[in-house]
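Derivation of every value follows stated rules applied to the coordinates shown; laboratory data play no part. Everything quoted here is computed from the prediction, not taken from an experiment. Because the Cβ atoms are built from the backbone with ideal geometry, glycine has one as well, and the counts that use them run over all protein chains shown.
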Amino acid sequence: MKNSIHNICCIGAGYVGGPTMAVIADRCPHIEVNVVDINQDRINLWNSLDLNELPIFEPGLDKIIERRRNKNLFFSNDIKKQISRADMIFISVNTPTKTKGIGAGKASNLKWIEASARQVALYAKGHTIVVEKSTLPVRTAEVIKEILKSKQNSKEKHPKTSTFDVLSNPEFLSEGSAIYDLENPDRVLIGGENNSAIEKLAEIYRNWVSEEKLLQTNIWSSELAKLTANAFLAQRISSINSIGALCEATGADVREVSKAIGHDSRIGSKFLDAGPGFGGSCFKKDILNLVYLSEYFGLPEVAAFWNSVVNLNAWHQNRISKLITKNLFGTLSNKKIVVLGFAFKSNTNDTRESAAIQICKNLIEEGAALLIHDPKVSCDQIAIDLNLQPYSKKNKESNFSERNEEGNWDSIDSLENAFDGADAVLILTEWMEYKKINWRVTSNKMRKPAWLFDARSIIDPNQVLNTDINFWRIGDGVKL
Ligand code: NAD
Ligand code: UGA
């Protein structure tokens, strides 16, 4: 069947909009794809000649950008023009948790969605299929339709010249494997009412996704399925982290427990790694959104059930910083701790809701001097997240490693001299390079008693066994 979509516009050039459109452009060379954003700096970075400067780090993304940019993939701020040219518009803008007003702390802030819908209502021409790509509260499509309808009824210059269909097509990619996930999705979910519109979107995906992976539902099921998928995934992490704490208390080993339960095909082995607590921009916000919806629809028990997943995660992060303090004699004052990893997981430069933020804040609060390393996260980003400038910026002349100030941090690009005189090392992100550290050599550089806290379970205990380092790892209650 000939595809009638020739021109796609995506509103929002973020972690979802950028990679998703790059893959569509790559797999559909016959379609022109325009990604637009209000953020000029972000667009400039997408257009940067140096592919290392792309605003998002995702394995494989640079190669696709190199192949398709300025051929059938374009990044610009010309929102009006690209909306007016598009047959299909993806809305892929941010939907963070509201910080004030009704539903503050739980409900999604839909102001960027509403602004996008208004832009579409204003500039779209002819018939346009509007696709919700952002993760949205169930029934948001109603709001979008309402805004688009107001254009059709308005007394503007060209009333009734534009018509719309609205579809829900939530994104299930994970950061760090976004390109792989987009190229090999477990499923593509399309929710909608109009079969012809659904068919046009399905036709795009058929260029690389097999028919059995294209799932069709009604629009509300599609919106809710996205929130539910994230809630189930996050729930597994809180579940295994809660069991990890029990393992530490009882002499069990969470890795063995995960393996044992993961062999049950009904449970499955994925997403059972105990860690420092889930981070990322979406799990917390999407569960809180589910909590808000449950409360709104008069289901307080359902709300409480899902809220406990978020509460456990926050408790767990604080538990880690508390046990570090306890093991370092109850005070971190003037103690140097090397923090390995700040991103919320490996293979991404994203720090949103990273467990490292709360844990580092707690340690600084206790008086520690943190030396933070992450191969992809900048010092500026860490300063924003911790809401604290690094020591070197505040004290240009001073040597951080002398422990002459407490409650501070600095960042390092190389691990070469990082461990000199350190009291502890804390692993918070599972970057490959941390697995290669020689703990025998490192042990000689550290102040004794020295500690290694492995919150990601990436270090083989045998590598630390005959060193002077005390070793703690997540969920490990086995006494060596
Ligand atoms: P993001 O913050 O990285 O990107 C959103 C972009 O939208 C920003 O660059 C912002 O400037 C732009 N924007 C906002 N309002 C705009 C407007 N009116 N016109 C033009 N541009 C506008 O967000 P993200 O991580 O890409 O997430 C987007 C949505 O996708 C969210 O709803 C999120 O829940 C969902 N999601 C995210 C992921 C993920 O891994 N990050 C995965 C699946 C789904
Ligand atoms: C998650 C979902 O996996 C995606 O399907 C979804 O599209 C996306 O959220 C979204 O809606 O934003 P993402 O947050 O990128 O993807 O990363 P995950 O791999 O899910 O990891 C989330 C957090 O859980 C990370 O901090 C990770 O370290 C942690 N995690 C994950 C564990 O602690 N243990 C595990 O076994 C798995």
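Values for this structure:
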| read-out | value |
| --- | --- |
| More than 15 angstrom apart: percent of Cα pairs within the range 64-103 | 62 |
| Ordering of 334-345, 170-181 by packing [mean C-beta count within 10 Å, highest first] | 334-345, 170-181 |
| Environment charge at residue 366 (Cβ cut-off 12 Å; Lys +1, Arg +1, Asp -1, Glu -1) | +2 |
| Within the chain, percent of DSSP bridges classed antiparallel, to nearest 5 | 5 |
| Ordering of 49-57, 62-70 by packing [mean C-beta count within 10 Å, highest first] | 62-70, 49-57 |
| Trypsin sites (Lys or Arg not before Pro) restricted to DSSP loop in the range 431-480 with at most 11 other C-beta within 10 Å | 436, 479 |
| Taking the C-alpha atoms of the range 272-376, convex hull volume expressed per residue in Å³ | 109 |
| Whole-number D in µm² s⁻¹ for the range 351-400, Kirkwood Cα-pair radius fed into Stokes-Einstein, 25 °C, 0.890 mPa s | 211 |
| In order through the range 435-447: 3J(HN,Hα) via Karplus (6.51 cos²θ - 1.76 cosθ + 1.60), integer Hz, x for Gly, Pro | 6, 9, 5, 8, 6, 5, 5, 4, 3, 5, 8, 8, 7 |
| For residue 214, distant residues with modelled amide H under 5 Å away | 188 |
| Distance histogram in 10 Å bins (all Cα pairs of the range 69-156, percent per bin) | 15, 45, 28, 11, 1 |
| The chain - charge dipole about Cα centre, Lys and Arg +1 at Cβ, Asp and Glu -1, debye rounded to 20 | 860 |
| Rounded to whole Hz, the Karplus (6.51, -1.76, 1.60) HN-Hα couplings of the range 306-312, x for glycine and proline | 6, 4, 5, 5, 6, 4, 4 |
| Compactness relative to 2.2 N^0.38 Å, alpha carbon Rg of the chain | 1.06 |
| Residues with amide H under 5 Å from that of residue 165, placed H, sequence gap 5 or more | 128, 129, 130 |
| Largest-first ellipsoid semi-axes for the range 417-463, taking √(5λ) over the Cα gyration tensor eigenvalues, angstrom | 17, 11, 10 |
| Environment charge of residue 193, counting only residues whose C-beta is closer than 12 Å and scoring Lys/Arg +1, Asp/Glu -1 | -1 |
| Compactness of the range 147-266 - radius of gyration and Dmax, Cα, Å | 21.4, 74 |
| Amide proton proximity set for residue 339, modelled H, under 5 Å, gap of 5+ | 371, 372, 373, 426 |
| Signed unit charges on C-beta, dipole axis of the range 246-399, positive-most listed residue 344, 307, 260 | 344 |
| Order by protection proxy (mean Cβ within 10 Å, highest first), peptides 296-305, 359-368, 39-48 | 359-368, 39-48, 296-305 |
| Using θ = phi - 60° and Karplus 6.51 cos²θ - 1.76 cosθ + 1.60, couplings along the range 17-30 (whole Hz; Gly, Pro as x) | x, x, x, 5, 6, 4, 5, 4, 4, 5, 8, 10, x, 7 |
| Whole-number Å³ per residue for the convex hull built on Cα positions in the range 181-227 | 68 |
| Kirkwood Rh in Å, taken over the range 20-107 so that all alpha-carbon pairs contribute | 14.6 |
| All Cα pairs of the range 353-466, percent lying beyond 24 Å | 23 |
